[in-house]
Amino acid sequence: FFAPQLCVAAMSGVKAARRNRQIEKQSSDLEWYKSDPPEVCCPVSKALYRDPYIASDGFTYERETVESIISEQKRSPMTGEELSWQVFPNKQKKAEVDQYRINKASACLELVVQLTNTGNYPSANELMERAVKLNGGNAALYTKWISLLEAMGWDAKVLILKMLLAEEYVKQEQKGEAAEVYHELLTTYLGTQPVSLPICLFNDGFSTSVLSEKPETCMAQPVLLQIIVAEKLLPLHRELADRKAYKSLLVDITQKALQAPDQVISTGSCANLETLLMIGIGYLGPNEQLWSLLAQLQLVMCKSPQAGSSYVNAARCCGLEGDNEAAEWYLTKGAELGCCEGMLALIDFLRDKEDTYKQIIARQHRELMSARKNCPYDLPPGLDEEEDGLDPPQH
């Protein structure tokens, strides 16, 4: 008698061999799914028709291809005769190819299920890509593909597909579903440690063209991805009239960006974030916190004058709320950064604080003198006169 352990091992070996044979057979059958017959392809480019046109030689070509042939070669690649400029859309061929795309994509998806069940994930991934190229992407297709790639552990490609899925929801006017996908991405990449992100996100964006292979990645701070997601999600919050979520996301993203300024600057994300803050201030109205964050970001970007103005605007918000202590602090910051507007506002604000007043005057007198001609505000008495001495006025 055989030991039970040997029987179990033998059965496992038989199952593994059967599974391997099944995978080999499926792989050999993939060529039919991955190729197209000549009758649905342009005879010159060999690519599947998208916009078939009939030329004067009676043959059908892809429109872009035949136009290029006429402008450059002027002769038919099939008969050698001279081609005229007149070409006509082949509507019958267009309908035939469109139906072919639908049928072939459906066949690919059916095989994907079998491949996934047998654990042949790489081949299943190839056919998912093929189905998207044949008949375009849609929410249901992207969702299936995401599940497949998650099983494969291809996180970078999952990230790109989730971005495409959210865009597809936006196209279908399903803004709530799109917002959920973006929030899921923000939750997934919530930490502060560097993570592997697709390089295409920081270059020319992404599209279905980058899904043909495993994308190149780089180690980067998650906040860089969060800024990209925020650019997509903030307009959705605005359309959904969710002001609380809008402000919360904007504040959170900016605070995280300020904690990793080097990478934010190196990828050019600072300018994007500055734009988001300006739009947010315009949408939410006067807000001390947003103006303050904008000023801090502008300092990171070496924009001291703009930062000074932002601090002055933060002071105005505090003044509207009756918080004079905070207003004084923001005005002082603005004055220290050389903001003429902030300086003058602070002088007026600190009339009864002689010591602080003199300190600010001494530090900023030179900057005031150089900027006085361009200042749109009325200067205090005595400060509108040119002075040659180095000492500040004593009044």
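The values are calculated or read from the model by the stated rules, or taken from the named source; none is laboratory data. All of these numbers come straight from a predicted model, not from anything done at the bench. Every residue, glycine as well, gets a Cβ built from its backbone with ideal geometry; the counts of neighbours run over all protein chains shown. Please note that ligands, DNA and RNA were not included when accessible areas were found on the heavy atoms of the full protein model with its side chains. Shrake-Rupley method; radii C 1.70, N 1.55, O 1.52, S 1.80 Å.
Answer yes or no: is there a residue in segment 34-48 that is open to solvent by 70 Å² or more (accessible area, probe 1.4 Å) and either at pLDDT below 90 or within 25 Å of Leu115 (Cβ to Cβ) (or both). Yes, because at least one residue in segment 34-48 is open to solvent by 70 Å² or more (accessible area, probe 1.4 Å) and either at pLDDT below 90 or within 25 Å of Leu115 (Cβ to Cβ) (or both). Checked against (1) closer than 30 Å to Ala241 by Cβ; (2) open to solvent by 10 Å² or more (accessible area, probe 1.4 Å), Glu150 passes all but a single condition, namely (1).
Of all residues in segment 271-302, those being outside any helix (DSSP H, G or I) and surrounded by fewer than 18 Cβ atoms within 10 Å (Cβ to Cβ) number 4. Determine which single condition Tyr53 fails, assuming it passes every other condition in (1) farther than 28 Å from Leu141 by Cβ; (2) part of a loop (DSSP other than H, G, I, E, B); (3) touching a Ser or Thr at 6+ places or on another chain (Cβ under 8 Å); (4) not β-branched (Val, Ile, Thr). Status for Tyr53: all satisfied but (2). Looking only at segment 139-153, which residues are closer than 20 Å to His183 by Cα and either among the acidic types (Asp, Glu) or outside any helix (DSSP H, G or I) (or both)? Of everything in segment 139-153, just one residue is closer than 20 Å to His183 by Cα and either among the acidic types (Asp, Glu) or outside any helix (DSSP H, G or I) (or both), namely Glu150. Kindly indicate the residue of segment 244-301 that is in contact with an Asp or Glu (Cβ under 8 Å, 6 or more places away or on another chain) and closer than 19 Å to Pro222 by Cα and also modelled with the lowest pLDDT among those meeting that condition. In this case the residue turns out to be Asn272. Quick one: is Ile265 open to solvent by 70 Å² or more (accessible area, probe 1.4 Å), assigned to a helix (DSSP H, G or I) and without any contact (Cβ under 8 Å) to a residue 40 or more places away in the chain? It is true that Ile265 is open to solvent by 70 Å² or more (accessible area, probe 1.4 Å), assigned to a helix (DSSP H, G or I) and without any contact (Cβ under 8 Å) to a residue 40 or more places away in the chain.
Only residues that are without any contact (Cβ under 8 Å) to a residue 60 or more places away in the chain and among the acidic types (Asp, Glu) were counted across segment 108-141, and they come to 1. Annotation note: of Gln5, Gln92, the sole residue that is in a helix (DSSP H, G or I), farther than 27 Å from Asn120 by Cα and modelled with pLDDT under 90 is Gln5. Within segment 239-262, the set of residues being assigned to a helix (DSSP H, G or I), within 17 Å of Val229 (Cβ to Cβ), acidic (Asp, Glu) and without any contact (Cβ under 8 Å) to a residue 40 or more places away in the chain comprises Asp252 only.
Residues Ser123, Ser84: which one is open to solvent by less than 40 Å² (accessible area, probe 1.4 Å) and either in contact with a Ser or Thr (Cβ under 7 Å, 6 or more places away or on another chain) or assigned to a loop (DSSP other than H, G, I, E, B) (or both)? So the residue among Ser123, Ser84 that is open to solvent by less than 40 Å² (accessible area, probe 1.4 Å) and either in contact with a Ser or Thr (Cβ under 7 Å, 6 or more places away or on another chain) or assigned to a loop (DSSP other than H, G, I, E, B) (or both) is Ser123. Need the failing condition index for Leu224 against (1) surrounded by 20 or more Cβ atoms within 10 Å (Cβ to Cβ); (2) under 16 Å from the mean Cα position of the chain (by Cα); (3) at pLDDT 85 or above, just the number. All conditions pass for Leu224, except number (3).
Taking first residues from segment 303-332 that are open to solvent by 40 Å² or more (accessible area, probe 1.4 Å) and partners that are of a type in the set (S, T, N, Q) and part of a helix (DSSP H, G or I), the Cβ contacts under 7 Å between residues at least 6 apart in sequence or on separate chains come to Gln306/Gln298.
Residue pairs whose Cβ atoms lie under 6 Å apart, separated by 6 or more positions or on different chains, with the first residue in segment 91-106 and touching a residue at least 24 places away in the same chain (Cβ under 8 Å) and the second outside any helix (DSSP H, G or I), are Lys93/Pro52; Lys93/Thr60; Lys94/Pro52; Val97/Tyr49.
The residue list Ser207, Ser147, Ser196 contains one member that is at pLDDT below 85 and over 21 Å from Asn272 (Cβ atoms), which is Ser196.
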